[in-house]
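Below is one structure, written out as structure tokens; the observations come after it.
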Amino acid sequence: MSKFMWTDDVIRSAMQTVGVVRFVLQRSGESSNKQELAKQLVMNSHHWPGDQSVEYIKRENGGIHISAKALRIVWGNDSRFWQWTKIEDSCFEIGAELIQVNWLEVNGALDLQKFPLDPLKAYEIVYVVKFMADAFGWHAPPITFEVCSAWDGKKSRRAETLEHYYLKEEKKKSWIEIHGGEFSLPSAASNYNKIEFGMNEVKTEWWKGGIVLEGVKITPKHTPLRIA
């Protein structure tokens, strides 16, 4: 596994995680100073800011495969709640294992300028997860999945309890793809820039755990997008 890279995206995410981006930009004009401060903030933070290095974002079957490492995970830097674990049956070789948490919040974004998708197509967002034998707390309350297109501010939201995904014996300890929403790109001429997505359950103090999050896939839908 290559060394963690303090790219501009990682630095920006780190600043946002602790709410001090304006403070840093006003007081530090040197890139090296910002990098060092961002590093210290992440190391001292309980939250994982997301590493947007290219090794964690791959093109795959006409879509994009995003590692859990590239996602922002609340409490993801605290080993009491989340831990990074090696996984052999993944192109990223690492996943985020949820030990236990009563504040579930995982967010991500794809820069469509860096990773353009075909216009005039509909895309689906799926979360790739594995439920462990000791998974618990997924029968209630429901998990909320959200998608927001930055170019027009359009948001979609759905909620679902996840226990039924692993009730069958053959589904245990196997990768499962959970629908997280969908979006479409309007046209080649549109100035679309970023798609944002997330999964969360922050309304209760219900504890849940026992899953591994491999990442997120953004894949073209098989049903053609109908153009008016």
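The values are calculated or read from the model by the stated rules, or taken from the named source; none is laboratory data. Everything numeric in this text was worked out from a predicted model, so none of it was measured. All Cβ positions, glycine included, derive from the backbone under ideal geometry; neighbour counts span all protein chains shown.
Things worth noting here:
- Looking only at the stretch 119-175, and only at residues there that are farther than 14 Å from Ile195 by Cβ and of a type in the set (Val, Ile, Thr), the one that is farthest from the chain's Cα centre (by Cα): Thr161
- Residues (at pLDDT 95 or above, of a type in the set (A, V, I, L, M, F, W, C) and surrounded by fewer than 21 Cβ atoms within 10 Å (Cβ to Cβ)) located in the stretch 177-201: Ile178
- Condition check for His164: in a helix (DSSP H, G or I), assigned by TED's automatic domain parsing to the domain that holds Tyr192 and surrounded by fewer than 14 Cβ atoms within 10 Å (Cβ to Cβ): yes
- Close pairs (8 angstrom Cβ cut-off, 6 or more residues apart or separate chains): more than 20 Å from Asn107 (Cβ to Cβ) and in contact (Cβ under 8 Å) with a residue 60 or more places away in the chain in the stretch 133-148, of a type in the set (D, E, K, R) and surrounded by 19 or more Cβ atoms within 10 Å (Cβ to Cβ) anywhere: Phe136/Lys208; Gly137/Lys208
- With respect to the stated conditions, Lys39 is part of a helix (DSSP H, G or I), modelled with pLDDT under 95 and touching a Phe, Trp or Tyr at 6+ places or on another chain (Cβ under 8 Å).
- Number of residues in the stretch 107-123 that are among the acidic types (Asp, Glu) and not in a loop (DSSP other than H, G, I, E, B): the value is 1.
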